[in-house]
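> Once you've had a glance at the structure underneath, I'll fire off some questions.
The values are calculated or read from the model by the stated rules, or taken from the named source; none is laboratory data. This one's a predicted model, so the numbers in the text were calculated from it and none came from an experiment. Heads up, the Cβs are rebuilt from the backbone with ideal geometry, glycines too, and the neighbour counts pull from every protein chain shown. To get the accessible areas, we keep the full protein, side chains included, count just its heavy atoms, and leave off ligands, DNA and RNA. Shrake-Rupley method; radii C 1.70, N 1.55, O 1.52, S 1.80 Å.
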Number of protein chains: 2
Amino acid sequence: MRAFIVLGHKAPTSPEFTLNDLPGAAGRLDVLCRCVNASLFLSHDLRRDVEVHLVLRDQLTVRISGTHVKRLNPDERSTAALVKKALRRIASHDGPDELESTPGVWIARRTLAEALASLQRRGATPVLLSEGSEPLAGATLPPWPAFVLSDHLDFEPGKLAQLEGLQRLSVGPRVYPASHCIAALNIELDRRGG
Amino acid sequence: MRAFIVLGHKAPTSPEFTLNDLPGAAGRLDVLCRCVNASLFLSHDLRRDVEVHLVLRDQLTVRISGTHVKRLNPDERSTAALVKKALRRIASHDGPDELESTPGVWIARRTLAEALASLQRRGATPVLLSEGSEPLAGATLPPWPAFVLSDHLDFEPGKLAQLEGLQRLSVGPRVYPASHCIAALNIELDRRGG
């Protein structure tokens, strides 16, 4: 198994956004949708051993499982529509449970720390993607990694303090969009037979 | 310099398509838009030494130059809107010239072979992305590579015959969406200092 967790700093937490303006009115939801694509798609196939967690404003987490998901398409708009359905599902629900909104898509009132803790309980080891840190090429990776990334904005200092002590990796010498990092990580893990 | 050339088998060649259905009515234009993103974007920056050519149904080629482009955003919809403007620009023009539709975006009545020839005249060496061929990791690359990719459909046998004799590369052991290959190639070339 492997997982990708992406924090969307400005992402919507209610379903009242238009699919016609993902970068603006929907708080750069386009960035998160491309991360879903990079996490789960092969050419004409899905990565069944991968899941992706979209953490919306550190309040809600949408989890999409490659094992279970149905009706997932590669484009940004249809992926945003699945997020919208998930937000509609949880709108009237206050409890801590994870609710399935469409097959293989769950949503819960979960922060980044809580989403990470849930993955660790399942055996995952978090790894933080961070520019200028250890290069991916030579790095030893845990057998069941959960890669932590931020959207177009950097993690705030308080958030970074929570992530202190995690293994840190960079995929290359420049600063890349999260979805590019995910594509590179998936391909590198494939090469290693992970 | 480096370039990416992507053939869109079902892509639109007239501007009469809706931005609300890029995968369907617009013939998987979403795939090509993600290729533009993977080719040209860094985090909060553009790759000024890269250009991307979108070959629409082997009839028209939209060329976007990282050196010159303005008003390019990372999301699929706004990139598709630039392609639509390019198609509008060329609609009433029959000649072979390349027309600039918006800053840094050109369109011409050019096939894949013609787009490749124009790059070769400028000093580029074409490299074909092809599953199961030489792994990228150990491969020697030309100093000014022009990577040739297909969208969600494979190259047809006649087209492959035209591409016979080119260096062939694969980015990993599975079959990847074109945009994932481009992200991996860009990062690998960055690592090599290319």
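> How many of the residues making up the stretch B:81-116 are under 28 Å from B:Leu163 (Cβ atoms) and touching a residue at least 40 places away in the same chain (Cβ under 8 Å)?
Qualifying residue count for the region: 15.
> Moving on to the next point. Return only the number of the condition from (1) surrounded by 20 or more Cβ atoms within 10 Å (Cβ to Cβ); (2) among the hydroxyl-bearing types (Ser, Thr, Tyr); (3) free of Cβ contacts under 8 Å to residues at least 12 places away in the same chain that B:Ser78 does not satisfy.
It fails just one condition, (1).
> Still on this model: Of the numbered conditions (1) among the small types (Gly, Ala, Ser); (2) within 14 Å of another protein chain (Cβ to nearest Cβ); (3) out of contact with any Asp or Glu (no Cβ under 8 Å at 6 or more places or on another chain), B:Ala137 satisfies every one except a single condition; which is it?
Here B:Ala137 clears every test but (3).
> Mind listing whichever residues of the stretch A:43-74 are within 14 Å of another protein chain (Cβ to nearest Cβ), within 29 Å of B:Leu19 (Cβ to Cβ) and open to solvent by less than 10 Å² (accessible area, probe 1.4 Å)?
A:Arg47, A:Gly66
> Tell me which residues, restricted to the stretch A:140-162, are farther than 19 Å from A:Ser39 by Cβ, away from every other protein chain (no Cβ under 14 Å) and not hydrophobic (A, V, I, L, M, F, W, C).
Within the stretch A:140-162, A:Thr140, A:Glu156, A:Pro157, A:Gly158, A:Lys159, A:Gln162 meet the criteria.
Condition check ((1) more than 30 Å from A:Val36 (Cβ to Cβ); (2) of a type in the set (S, T, N, Q); (3) within 14 Å of chain A (Cβ to nearest Cβ)) across all residues:
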site: B:Gly104; (1), (2), (3): no, no, no
site: B:Ser133; (1), (2), (3): no, yes, no
site: B:Glu164; (1), (2), (3): yes, no, no
site: B:Ser179; (1), (2), (3): no, yes, yes
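> Of everything in the stretch A:1-31 that's among the β-branched types (Val, Ile, Thr) and within 11 Å of chain B (Cβ to nearest Cβ), which residue is least open to solvent (accessible area, probe 1.4 Å)?
Residue satisfying both the conditions and the ranking: A:Val31.
> Mind listing whichever residues of the stretch A:97-140 are part of a loop (DSSP other than H, G, I, E, B), open to solvent by 70 Å² or more (accessible area, probe 1.4 Å) and either touching a helix residue (DSSP H, G or I) at 6+ places or on another chain (Cβ under 9 Å) or of a type in the set (Asp, Glu) (or both)? Walk me through how you get there before you give the answer.
Kept after step one, since they are part of a loop (DSSP other than H, G, I, E, B), are these residues of the stretch A:97-140: A:97-98, A:103-104, A:109-111, A:122-124, A:139-140.
Subsequent filtering for residues that are open to solvent by 70 Å² or more (accessible area, probe 1.4 Å) retains A:97, A:109, A:122, A:140.
Those that are part of a loop (DSSP other than H, G, I, E, B), open to solvent by 70 Å² or more (accessible area, probe 1.4 Å) and either touching a helix residue (DSSP H, G or I) at 6+ places or on another chain (Cβ under 9 Å) or of a type in the set (Asp, Glu) (or both): A:Asp97, A:Arg109.
> Taking the stretch B:143-169, which residues are surrounded by fewer than 21 Cβ atoms within 10 Å (Cβ to Cβ) and among the small types (Gly, Ala, Ser)?
B:Gly158, B:Ala161, B:Gly165
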